[in-house]
1. Please list, in order, the residues from the stretch 61-77 whose amide nitrogen is less than 13 Å from a point placed 7 Å along the Cα→Cβ vector of Arg120.
2. Using DSSP, restrict attention to beta bridges with both residues in the stretch 67-163 and report what percent are antiparallel, rounded to the nearest 5.
3. In nm, give the distance between the simple-model label positions of Asp136 and Met178, each being 7 Å from the Cα along the Cα-to-Cβ direction.
4. In the neighborhood of Arg120, defined by Cβ-to-Cβ distances under 13 Å, what is the net charge if each Lys or Arg adds +1 and each Asp or Glu adds -1?
5. Leaving out ligands, DNA and RNA but keeping every protein chain, what accessible area does Leu125 have, in Å² rounded to the nearest 10, with a 1.4 Å probe?
6. Show the residues, 5+ positions off or on another chain, whose built amide H is closer than 5 Å to the amide H of Ile158.
7. What do you get for Rg/Rh over the stretch 45-178 if you use C-alpha atoms and the Kirkwood form of Rh?
8. Would you mind working out the accessible area per residue for the stretch 125-178, using a 1.4 Å probe, and quoting it in Å²?
Amino acid sequence: LAAVIGGGFDGGGGGGHGGLRGRKWGSGPSRFVLSDTPRPDFTASAESLVTLLPMDLHQLRAVVSDVDGVLTDGRIGLGPGDEAIRFFDMRDGMGTKLLQKAGIPVAWLSASQDDGVIRRRAAMLGVEHVDVGSGDKGERLTALCAQLGIEPGEILYIGDDVNDLPAMRLAGASACPM
């Protein structure tokens, strides 16, 4: 999420992420890719947050994000028991809080096994809408949007894998960290 608001970050696994660049493709909803360009030099505030994305945000009503590889560095550590460890980026937490402060709901949609780690991090950040489990992400996004009382075309979806494509196609705008 730090990259979405233009802050950029290096998630610790190498291959730093740049901010969103307005490269558009396709004839459908707006699609933007994250670039390797240097991040802008600015301080984000809740009031200026909506000006940081190179897209018309008048219809943006929520941000929905995948978790593993988007909000984490993509690694999952496995302990000797059933424990799993994910490494969440602190700047994504700040991005989440800034979006919420600006009145933009944040929701998470993950295909991971529900081991409680994702829900624990969501609770720490005040992310109320969390869908962790299996199934087509397009169908799950539609159900999540119904819970939020919005249309899929009114969200920005952030995903990084093939299973995110159905949700990305439904979203009004989508982004993928590189």
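The values are calculated or read from the model by the stated rules, or taken from the named source; none is laboratory data. From a predicted model like this one, the values you see are computed outputs, not experimental measurements. So basically every Cβ, Gly included, is an ideal-geometry build from the backbone, and we count neighbours across all protein chains shown. Heads up: the accessible areas ignore ligands, DNA and RNA and are worked out on the full protein's heavy atoms, side chains in. Shrake-Rupley method; radii C 1.70, N 1.55, O 1.52, S 1.80 Å.
1. 77
2. 50 percent
3. Here the answer is 3.0 nm between the modelled labels.
4. 0
5. 20 Å²
6. Excluding prolines and chain starts, which carry no amide H, the hits are Val64, Ser65, Asp66, Ala175.
7. Working: Rg = 14.4 Å, Rh = 15.1 Å.
On the Cα set of the stretch 45-178, Rg over Rh gives 0.95.
8. Each residue of the stretch 125-178 exposes 43 Å² on average to a 1.4 Å probe.
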